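The values are calculated or read from the model by the stated rules, or taken from the named source; none is laboratory data. Just so it is clear, the structure is predicted and the values come from calculations on it, not from any experiment. Ideal geometry is used to build each Cβ from the backbone, glycine not excepted, and the neighbour counts take in all protein chains shown. Surface accessibility is based on the protein's heavy atoms, side chains included, excluding ligands, DNA and RNA. Shrake-Rupley method; radii C 1.70, N 1.55, O 1.52, S 1.80 Å.
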Amino acid sequence: MALEDTNNKLLPPKHIAIIMDGNGRWAKKRGLPRTAGHAAGGETFRTIANYCRSIGVKYLTVYAFSTENWKRSEEEISGLMKLLAKYLREGLRDMEKNHVRFRFFGDLSRLSPELRKLCEDAQSRSAQYHEVTVNFCLNYGGRDEIVRAARSFAEDVAAGKAKPEMLTEQLFGTYLDSEGVPDPELVIRPSGEMRISNFLPWQTAYSEFVFMNVLWPDFTPADLDAAIEEYHRRNRRFGGA
Ligand code: IPE
Ligand code: IPE
Ligand code: MG
């Protein structure tokens, strides 16, 4: 069967996007602080990113911090930012070995100067790699992304670099953070919640969604395989008959 590789496993989609949710509940169940859940979730991210690379996923997009997550306590936010810096430093170290390209979706201007610098370094130093791309959504909100894109198109119009009638879906896509990245075929949300929480509304217009009842820190490569199998059972019509 064309969809299977030599190990009889279904070939993965080219682009998988994951809402890494459930860290807080995982910690609560164990009587631990929420930050311990985020640390465990960070380990899961590392495992799943490596697994995706090993099975040939070309793009992995992960929701790490939303524009709404600033509503959380200062303690939780600073813990999360420290963890993000740790995984970025580590990712930067392994980048040359693994040839992973890092990109960031979201408004980085609200991050601390140190974290922002780490993101910018990771993005520019890995821009030469094209085998695998990990897109981190950091201070990301889908509506915010669309508004920023609309503003920058309007600026181009005001500067005489574009005309309103030039705007197409394709051109608008080039103003988005995801410029040049194909839309995700599959979006996975663990933790049992069935909503998208402002994650990639433009890019997921025709994505398949798989909602799973496992908390992100407990998510394993076998869960990813199960989501991919579910994806292959779907009948994607894209509006056709
Ligand atoms: C996801 O886990 C991580 C972030 C949103 C940063 P949560 O912290 O939302 O975990 P729950 O949903 O409270 O269990
Ligand atoms: C979405 O999860 C954001 C991330 C996983 C980074 P949330 O936990 O913030 O979403 P809601 O509040 O349950 O919708
Ligand atoms: Mg949550």
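Worth pointing out:
- Failed criterion for E145 (all others in (1) surrounded by 13 or more Cβ atoms within 10 Å (Cβ to Cβ); (2) out of contact with any strand residue (DSSP E or B) (no Cβ under 9 Å at 6 or more places or on another chain); (3) more than 20 Å from G22 (Cβ to Cβ) hold): (2)
- Residue in region 104-112 that is assigned to a helix (DSSP H, G or I), more than 16 Å from ligand 3 (Cβ to nearest atom) and surrounded by fewer than 17 Cβ atoms within 10 Å (Cβ to Cβ) present: yes
- Region 175-208: number of residues that are over 30 Å from D218 (Cβ atoms) and surrounded by 13 or more Cβ atoms within 10 Å (Cβ to Cβ): 3
- Flag for F172 being within 18 Å of A150 (Cα to Cα) and within 16 Å of ligand 1 (Cβ to nearest atom): no
Okay, residues lined up against (1) open to solvent by less than 60 Å² (accessible area, probe 1.4 Å); (2) of a type outside the set (G, A, S); (3) within 21 Å of P184 (Cβ to Cβ):
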position: A27; (1), (2), (3): yes, no, no
position: T47; (1), (2), (3): no, yes, yes
position: S66; (1), (2), (3): yes, no, yes
position: E76; (1), (2), (3): yes, yes, no
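- Here the condition is being within 16 Å of ligand 1 (Cβ to nearest atom) and modelled with pLDDT of 95 or more; of T133, T61, it holds for T61 alone.
- Residue within region 119-134 that is touching an Asp or Glu at 6+ places or on another chain (Cβ under 9 Å), in a helix (DSSP H, G or I), open to solvent by less than 20 Å² (accessible area, probe 1.4 Å) and among the hydrophobic types (A, V, I, L, M, F, W, C) present: no
- For the criterion of being within 16 Å of ligand 3 (Cβ to nearest atom) and assigned to a loop (DSSP other than H, G, I, E, B), I188 fails.
- Any hit, region 150-173, residues being under 30 Å from A222 (Cβ atoms), open to solvent by 40 Å² or more (accessible area, probe 1.4 Å) and more than 12 Å from the chain's Cα centre (by Cα): no
- The listed residues are L88, L80, L92, L115, and the only one of them that is at pLDDT below 95, open to solvent by less than 30 Å² (accessible area, probe 1.4 Å), under 22 Å from E43 (Cβ atoms) and more than 15 Å from the chain's Cα centre (by Cα) turns out to be L92.
- Residues in region 49-74 that are assigned to a helix (DSSP H, G or I) and within 16 Å of ligand 2 (Cβ to nearest atom) were compared, and the one that is farthest from the chain's Cα centre (by Cα) is K71.
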